[in-house]
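Values in this text are rule-based calculations from the coordinates and carry no lab data. Because the structure is a prediction, the values reported are computed rather than measured. Reconstructed Cβ throughout: ideal geometry from the backbone, glycine too, with neighbour counts over all protein chains shown.
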Amino acid sequence: MRHGALMVALLLSACAKSKEERVTSREALTAERPQPRGAATVRTDEGTYSAPSVRFSVDFLEDPPVKMRLVVLSAQAEDGSTWRFRMSVGDGFVTSKHATARLIPLNALGPGLAVVDYQLAGEPAMMLDEGTLDLTVTGSHAKGEVRRTDGRVRATFEGPLTFECMVPPAWLSKANAQAAPAPVPASDEAGEVRVLDEALSTPQCRSIADAFR
């Protein structure tokens, strides 16, 4: 009887140890999972992508006086796949915090137009040629979706909204900026130079930033 009781105790001890090792192993696997690369997330049928933020960029031109406004998101999946959009918005976006754009398979954008492209790992890049992109901002949080022309959702995205503002160098000097960065070309076509108003020292940039706090 004593021998039988000893064998049962040993078997129970072995089972308990085996169970503990399985739990420990499972916890280790969970801890080793890669962390998201950013706070903004895109979800599609093909997978999930992440980015540091949704970026709202305003570019001031002096001659002629023009404002170019783009909302941009460039996200990446763990396997290297990418998903991106560029959306042109008008003046009303700053007050309404909402915009809807029609998707086009071109890089030249105007108000009410957007470009969405994606590339799965090891495959050629693809561009959506139809549908709509809808964007809503609450405070400094952006949320939106991409829909087909038949209304079906192709992708959803959400995350923090960050703001960057480019201005002519003279504007920073006028605003008494302590250290203006070196001017950079606006684009190959425009030729005009602007600098990043990182401190939001110009009233033009500061007023827009205040609207999204």
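Laid out as a table, the results:
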read-out	value
Residue tally, condition hydrophobic (A, V, I, L, M, F, W, C) and in a loop (DSSP other than H, G, I, E, B), over region 86-111	5
Residue identified as out of contact with any Pro (no Cβ under 6 Å at 6 or more places or on another chain) and either part of a loop (DSSP other than H, G, I, E, B) or more than 28 Å from P168 (Cα to Cα) (or both) among A114, A75	A75
Among residues of region 93-116, those that are farther than 16 Å from L73 by Cβ and in contact with an Asp or Glu (Cβ under 6 Å, 6 or more places away or on another chain), counted	1
Scan of region 117-150 for residues that are in contact with a Gly (Cβ under 6 Å, 6 or more places away or on another chain), more than 17 Å from Q76 (Cα to Cα) and assigned to a loop (DSSP other than H, G, I, E, B), ordered by number	R148, T149
